[in-house]
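Chemist: This is the structure, below, for whatever I ask next.
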Amino acid sequence: MANTTFNGPVRSENGFQDISINATTGAVTVDATFGTATSVTTLAATTVTATNVTATNLVFTDQNHPTTAAINATATATAAEVATGYITSTSAAATTITLPTGTLLGAALGATAGTTLDLFVDNTAGANTVTIAVATNGILSAAAAAGSGAGAGLLTVPSGVTGIGCFRIMFSSATAYVFSRIA
């Protein structure tokens, strides 16, 4: 069968299958099935690489973080620690975590303008507040800057059961980011 290139949307009422055919036996193997939910239901490859992917209203329902970073004293987080997306703190003393420079974090993430990273700071096991600060080429969003005065409400994470904060790091270039609290 010939290869076909389409210029426009391709539609199916029953999904699509990506197949391969064994050159010797002629056996057909289904490598991936794309169903009516537009999701990959099977995948033969062990590594998937996506380039230039854009999406609207993309929702991640499984936000597990296999790697986390623990910062239990005032320090500057490394780019690798921030790149995990999840930092824990169990300190009894007030702790300030300064984010890495835009250059270091951008290099670790391979960032370009438009790259975003959600960073969770978990202080549920801590006994005092955690405050987040930005370094060179890190800029507080207008909302975060407005709340960073007395009490630094938008940049602090309380201890105890309410002690989880979610922050978004949005890159305006490969070496500069805007930092906002989103939850």
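Here, each number is a calculation from the coordinates, and none is a lab measurement. Everything numeric in this text was worked out from a predicted model, so none of it was measured. Reconstructed Cβ throughout: ideal geometry from the backbone, glycine too, with neighbour counts over all protein chains shown.
Chemist: Could you grab me the full set of residues in region 85-120 that are surrounded by fewer than 17 Cβ atoms within 10 Å (Cβ to Cβ), within 15 Å of Arg168 (Cβ to Cβ) and β-branched (Val, Ile, Thr)?
Modeler: Thr116
Chemist: Quick one: count up the residues across region 154-163 that are of a type outside the set (Ser, Thr, Tyr) and surrounded by fewer than 16 Cβ atoms within 10 Å (Cβ to Cβ).
Modeler: 2
Chemist: How about region 124-136: which of its residues are assigned to a loop (DSSP other than H, G, I, E, B) and buried (at least 20 other Cβ atoms within 10 Å of the Cβ)? Show your work before the answer.
Modeler: Residues of region 124-136 assigned to a loop (DSSP other than H, G, I, E, B): 124-129, 134-136.
Matches in region 124-136: Gly126, Thr129, Val134.
Chemist: Another question about this same structure. Residue check, Ser159 against (1) part of a loop (DSSP other than H, G, I, E, B); (2) in contact with a strand residue (DSSP E or B) (Cβ under 6 Å, 6 or more places away or on another chain); (3) among the hydroxyl-bearing types (Ser, Thr, Tyr), all met but one. Which one?
Modeler: (2)
Chemist: Go through region 85-108 and give me each residue that's under 15 Å from Ile164 (Cβ atoms) and under 18 Å from the mean Cα position of the chain (by Cα).
Modeler: Once the filter is applied, which keeps residues that are under 15 Å from Ile164 (Cβ atoms) and under 18 Å from the mean Cα position of the chain (by Cα), region 85-108 yields Gly85, Tyr86, Ile87, Thr88.
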